[in-house]
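Report on one structure; see the data block that follows.
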Amino acid sequence: WKRADTRHFTIYSDGSTSQLEDFAEDLERFDSLLRMAFGVAEPEHPNRLTIYLLSGADDVARLYGSPGSGIAGFYTPRLEGSIAVSNRQYTASNRLDGQRTLFHEYGHHFMLNNFPVALPAWLVEGFAEFVSTAEFERDGSWTFGLVPQHRKYEINNFPQVPIEMLLTERKTKENRNQTQAFYGWSWALTHMLYLGGDGDAAVNEYIRLLNSGTPSLEAAREAFGDLDDLERDLRRYVRGVRGRKSDKPLPFDEGVEITELTDT
């Protein structure tokens, strides 16, 4: 096994050194992108997130205690130090599929640590999926907000979720189609609110209202306007949703220290 230490992460992997270095640098780029996109300042002394990279999704599912479930990664917040687990499998396009899974889990970690307020289920899951599709190229260019194909499938093939239900519903495991539709539409609404309009001002106002005690639907109406209009806008938005690309390299801490671990 090897250990990589960066400014924000400690990563353990039994894969190649070069792969671990690339993975660590992209995680630092991802942290930089999230801080820029959501106006979060860099802490003077960040607490590193500990990450374990297993060889494949099946190994992750077994470690989670749910073999055969398809779980490819998970995040566990802990006072003594949060951890995330993902995998090193590649997609057909030769990208690390486990990286997208880890970006999703780090989205939860980033939100938990930087948005220290109560948040509704649709925004918690929608945010993690929205940020998870970020991609970084070797020339320094990057893309944010790409469409996850499984969410597009859910939107096109599973039942539509009425906007008032989406804004008030908790996640459920009782009906798989309903659960997947909830994830898909949560991603779509989050994408539209952050990239399809005036940015995060309306979302910030919605969160402020919720945490001042305003009921969910009332907070949504005050922040987003008429909910029927919001729903119509969302149905139109998903037909042409796309990400944003920039050729301007992100500044990030490039230091990666690799340590070969022994059996003792």
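The values are calculated or read from the model by the stated rules, or taken from the named source; none is laboratory data. Please read these numbers as outputs of a predicted model, since none were measured by experiment. Don't worry about glycine lacking a Cβ; one is built from the backbone with ideal geometry, like all the others, and counts go over all protein chains shown. Keep in mind that these areas ignore ligands, DNA and RNA; they rest on the heavy atoms of the full protein, side chains included. Shrake-Rupley method; radii C 1.70, N 1.55, O 1.52, S 1.80 Å.
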When (1) more than 22 Å from H108 (Cα to Cα); (2) touching a helix residue (DSSP H, G or I) at 6+ places or on another chain (Cβ under 8 Å) are applied to Q19, the one that fails is (2)
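Out of everything in segment 253-264 that is in contact with an Asp or Glu (Cβ under 6 Å, 6 or more places away or on another chain) and in a loop (DSSP other than H, G, I, E, B), what residue ends up being surrounded by the most Cβ atoms within 10 Å (Cβ to Cβ)?
The residue in question is V256.
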Quick test for you: out of Y106, Y75, pick the one residue that is open to solvent by less than 40 Å² (accessible area, probe 1.4 Å) and either in contact (Cβ under 8 Å) with a residue 60 or more places away in the chain or in contact with a Cys (Cβ under 6 Å, 6 or more places away or on another chain) (or both). Y106
Residues being more than 30 Å from E218 (Cβ to Cβ), under 17 Å from the mean Cα position of the chain (by Cα) and either modelled with pLDDT of 95 or more or open to solvent by 20 Å² or more (accessible area, probe 1.4 Å) (or both) - total across segment 135-172: 8
Evaluation of F130 against (1) modelled with pLDDT of 85 or more; (2) outside any helix (DSSP H, G or I) (one fails), failing number: (2)
Look at E231 and say whether it is closer than 28 Å to H150 by Cβ and of a type in the set (D, E). yes
Are any residues in segment 18-70 open to solvent by less than 50 Å² (accessible area, probe 1.4 Å), over 27 Å from Y194 (Cβ atoms) and assigned to a loop (DSSP other than H, G, I, E, B), and if so, which ones? G56, S66
